[in-house]
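Undergrad: Let me give you the structure first, and then I'll get to my questions.
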Amino acid sequence: MTILPIIDHARWYETIRMADAVTLIHEPWIKPFFRCNMWHVRGRDRDLLFDSGLGHVSLKRHVALVSGKPLVCVASHTHFDHIGCHHEFSERCVHGAEADILADPRNDWTLADRYATDAMFDGMPQGWDAAKYRIPPAPAGRLLAHGDVIDLGDRAWEVIHTPGHSPGGIALYERKSRTLLSGDIVYDGPLIDDAYHSLVSDYVATLERMRDLDVAVVHGGHFPSFGATRCRQLIDEYLAAKRKPGCHL
């Protein structure tokens, strides 16, 4: 039996600066498949945080970047690994289809009942007890819909509704920089369409709609970022697999 190292909360998060005032915040002691990418974007009037991770370790206490100025915290969707620290922020947004889950994030609704286990980790966070893991309620002050805009003062992020992985999944797109924060609808890893509220037909329709989006860079909900060619390749691979004979949409 492998005994994992115990990781102090002060060492739990890592931040990596990207281009265009975008910063990746992640939890490097979580295995890549389970590790959520949290995306912080600096704006003139306020900042954006897209997803908030597992939640066992406080983001506000241990990542100075999220406490420097007014911030809007957006959920790409409401699976446990993406909304754990949403309750720490006063301005919260989610798509209307998953507002009830963010307000009452039960373990069976957020997939924590099957995935929030010790097997997630390469290093165990101090004080972790899988049997006691719960996400605090974080009711949204704003419900998002396709076409809405999140305005940071000098930057505008358009909401793209991306049902398929979950009914209220969203991506955020900035036309000026051609940057896509894609959440869990497309990333450079195995795409999940078999959760309890996933729907393959919606997933296919969403990716068909997104295939020709003019992107320069895609920052996904998991795994490394990528460009336009890889984005189209990932989408085409998924669509081809679902169009094979015998695959029921």
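The values are calculated or read from the model by the stated rules, or taken from the named source; none is laboratory data. Model, not experiment: these values are computed from the prediction. Note that we place each Cβ from the backbone using ideal geometry, even for glycine, and neighbour counts take in every protein chain shown. Just the protein is used for accessible areas: all its heavy atoms, side chains included, with ligands, DNA and RNA removed. Shrake-Rupley method; radii C 1.70, N 1.55, O 1.52, S 1.80 Å.
Undergrad: Quick one: would you say Asp100 is more than 16 Å from Leu24 (Cα to Cα) and modelled with pLDDT of 95 or more?
TA: It is true that Asp100 is more than 16 Å from Leu24 (Cα to Cα) and modelled with pLDDT of 95 or more.
Undergrad: When you check Ala145 against the structure, is it surrounded by 20 or more Cβ atoms within 10 Å (Cβ to Cβ) and either out of contact with any helix residue (DSSP H, G or I) (no Cβ under 9 Å at 6 or more places or on another chain) or of a type in the set (Gly, Ala, Ser) (or both), yes or no?
TA: no
Undergrad: Only residues in the range 55-69 that are under 26 Å from Ala130 (Cα atoms) count as the first member; pair them with residues that are open to solvent by 20 Å² or more (accessible area, probe 1.4 Å) and of a type in the set (Ser, Thr, Tyr), Cβ under 9 angstrom, at least 6 apart or cross-chain, and list the lot.
TA: Pairs found: Val57/Tyr13; Leu59/Tyr13; Leu59/Ser67; Lys60/Ser67; Arg61/Ser67; His62/Tyr13; Val63/Tyr13; Val63/Thr15.
Undergrad: Checking the conditions here, which among His56, His40 is assigned to a loop (DSSP other than H, G, I, E, B) and of a type outside the set (A, V, I, L, M, F, W, C)?
TA: Being assigned to a loop (DSSP other than H, G, I, E, B) and of a type outside the set (A, V, I, L, M, F, W, C) holds for just one of His56, His40, which is His56.
Undergrad: A follow-up question, please. Checking the conditions here, which among Ala64, Ala99, Ala75, Ala19 is touching an Asp or Glu at 6+ places or on another chain (Cβ under 9 Å), under 27 Å from Ala156 (Cα atoms) and of a type outside the set (Asp, Glu)?
TA: Step by step, each of Ala64, Ala99, Ala75, Ala19 is checked, and only Ala75 is touching an Asp or Glu at 6+ places or on another chain (Cβ under 9 Å), under 27 Å from Ala156 (Cα atoms) and of a type outside the set (Asp, Glu).
Undergrad: Provide a single number: the residues in the range 216-227 that are free of Cβ contacts under 8 Å to residues at least 60 places away in the same chain and open to solvent by less than 10 Å² (accessible area, probe 1.4 Å).
TA: 1
Undergrad: Looking at (1) of a type in the set (Val, Ile, Thr); (2) under 15 Å from Phe223 (Cα atoms); (3) surrounded by fewer than 16 Cβ atoms within 10 Å (Cβ to Cβ), can you tell me which one Ile30 breaks?
TA: Condition (3) is where Ile30 drops out.
Undergrad: So, one more: Out of the range 163-213, which residues are more than 18 Å from Thr110 (Cβ to Cβ), part of a loop (DSSP other than H, G, I, E, B) and out of contact with any His (no Cβ under 7 Å at 6 or more places or on another chain)?
TA: Once the filter is applied, which keeps residues that are more than 18 Å from Thr110 (Cβ to Cβ), part of a loop (DSSP other than H, G, I, E, B) and out of contact with any His (no Cβ under 7 Å at 6 or more places or on another chain), the range 163-213 yields Arg175, Lys176, Ser177, Arg178, Val186, Asp188, Pro190, Leu191, Arg211, Asp212, Leu213.
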